[in-house]
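The values are calculated or read from the model by the stated rules, or taken from the named source; none is laboratory data. Remember, it's a predicted structure, so these values are computed and weren't measured experimentally. Cβ: placed from backbone, ideal geometry, glycine included. Neighbour counts: every protein chain shown. With ligands, DNA and RNA removed, areas are computed over all heavy atoms of the protein, side chains included. Shrake-Rupley method; radii C 1.70, N 1.55, O 1.52, S 1.80 Å.
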Amino acid sequence: MQKTASDQHGILYIVATPIGNLGDITQRAVDILSLVDKICAEDTRNTRKLLTHLGLKKNLVALHDHNERQKIDEVIEWLSNGEHLALVSDAGTPLISDPGYHLVKALRERDFQVVPIPGASAIITALSVAGLATNKFSFEGFLPAKETGRKQALLLNMENSYTQVYYESSHRIVQSVATMRDVFGAEKKVVLARELTKLYEQFFYGTLDELHQWLLDDAMHQKGEFVIMLAPSEKEDSDSNSFEASTEQLLSVLVDELPVKQAAKIAAKLTGQSKNVLYKQAMALQKN
Ligand code: SAM
């Protein structure tokens, strides 16, 4: 059962905001932002622009990497006084390479109510169109700024068999891709998503060597915000595909012999996949 500090206490809403296109805010996010007493924002100037776009005037409080720990007591006091609060970052989902972790942890430990208002995040947006395996992926966030640290972090991922996702800014995109090429090899497959949902949204699909050259070819290619996605090794990729293929094979054998519901139930037990998803697949197979 969910424990809460008290019904009299306020709620902290973790509100996702757009990663570029301002149309990508949810109706629920707008409703919550207009309802709360205060909005804790990574950069109040950026959030003010969003609020102006939404036609909202709110009480904004700065909460960023440098003051987050000091702000915890104040936030606890506001919530204890029954105020409802929202936490937003400059873009996307708070806590995803953005401030908020220490605050949410502290509130959870004290049984305050923290409610997610989901929306855009660059990692999921990028993965949804990359065409890389998404059954398993590892989010690596930003690489260290210095070459030695960067290389060490990447070396630790040599054995990583998932699609790897990195965030990068214009300042270090060329160096990071160069180090990736050194560590994983020139032929490693990569997808780069640049300026997602914005005017100059662009995708690059190729090898690390080709991506490095593409970045050097045109200074414009180095501008903006990036998500770098490294493909799993061919073996893992084909393994994951063949796993999907074998699930389908398994289902079609079961559907031939059993009622759809029972076929889906057994396939779910054998593969660990969702019974509902398998039921839909089994229905489709039966129709065919
Ligand atoms: N909280 C955000 C989220 O949910 O994605 C991430 C914030 S992090 C400080 C900023 C980084 O996210 C950028 O340097 C870039 O790697 C990635 N990012 C954010 N917006 C993006 C966009 N529109 N296109 C590509 N990458 C983006």
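Remarks
- A count restricted to segment 68-89 and to residues that are free of Cβ contacts under 8 Å to residues at least 60 places away in the same chain, surrounded by 13 or more Cβ atoms within 10 Å (Cβ to Cβ) and not aliphatic (A, V, I, L, M) stands at 3.
- Residue in segment 110-117 that is open to solvent by 80 Å² or more (accessible area, probe 1.4 Å), under 26 Å from Val88 (Cβ atoms) and outside the structural domain of Phe203 (by TED's automatic domain parsing) present: yes
- Any chance Ala231 is under 21 Å from the mean Cα position of the chain (by Cα), open to solvent by less than 70 Å² (accessible area, probe 1.4 Å) and closer than 20 Å to Ser121 by Cβ: no
- Within segment 53-67, tally of residues that are within 14 Å of Ile39 (Cα to Cα) and within 15 Å of the ligand (Cβ to nearest atom): 2
- The listed residues are Leu132, Leu85, Leu127, and the only one of them that is more than 15 Å from the ligand (Cβ to nearest atom) and within 22 Å of Thr17 (Cβ to Cβ) turns out to be Leu85.
- Test: residue in segment 22-30 that is open to solvent by less than 20 Å² (accessible area, probe 1.4 Å) and either closer than 29 Å to Phe142 by Cβ or at pLDDT 95 or above (or both): yes
For every residue, the table says whether it meets (1) within 11 Å of the ligand (Cβ to nearest atom); (2) in contact (Cβ under 8 Å) with a residue 12 or more places away in the chain.
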{"position": "Asp98", "(1), (2)": "yes, yes"}
{"position": "Lys105", "(1), (2)": "no, no"}
{"position": "Arg108", "(1), (2)": "no, no"}
{"position": "Phe112", "(1), (2)": "no, yes"}
{"position": "Ala120", "(1), (2)": "yes, yes"}
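- Test result for His171, assigned by TED's automatic domain parsing to the domain that holds Leu127, within 14 Å of the ligand (Cβ to nearest atom) and farther than 18 Å from Ala126 by Cβ: yes
- Residue count for segment 155-185, restricted to those that are among the aliphatic types (A, V, I, L, M) and closer than 20 Å to Ala133 by Cα: 3.
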